[in-house]
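I have placed the structure first, in the form of structure tokens, so that the comments after it can refer back to it.
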Amino acid sequence: MLNALQRLSRIVPIACFAQTVNVLPLILADDEGRIALTPQYLVFKLYSEVQEGDVVNAAVFSPSYYSEELDRVVPYVDASAILVKGSLHLYL
């Protein structure tokens, strides 16, 4: 899903990802004030740290499966890519 958000970042800013605030707790806190970072937080942090680049098209050729729910073929591998100061960053 974060790859899709990255690909659509010109249209959908990452701040619009309300699930991280309203549904999925990225940081857990207890009554004593202790906190714990969740794996979702760490993944979101990874993506947010490299968003200063330009999104570039990334083509993926991989095995796929047919999704009856979506009524289409879905690849097993998803990817997004950004170009930061001449360096290409690929996310699988």
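The values are calculated or read from the model by the stated rules, or taken from the named source; none is laboratory data. Predicted model, so just to flag it, every value in this text is computed and none were measured. As a convention, Cβ positions derive from the backbone with ideal geometry for all residues, glycine included, and neighbour counts pool all protein chains shown.
So here's what we get for this one:
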item: Considering residues of the stretch 40-61 that are outside any helix (DSSP H, G or I) and touching a helix residue (DSSP H, G or I) at 6+ places or on another chain (Cβ under 7 Å) only, the residue surrounded by the most Cβ atoms within 10 Å (Cβ to Cβ); result: Val55
item: Among the candidates Ser64, Ser80, residue that is within 20 Å of Leu5 (Cα to Cα) and surrounded by 13 or more Cβ atoms within 10 Å (Cβ to Cβ); result: Ser80
item: Selection status of Ile35, in contact with an Asp or Glu (Cβ under 7 Å, 6 or more places away or on another chain) and either at pLDDT 80 or above or not aromatic (Phe, Trp, Tyr) (or both); result: no
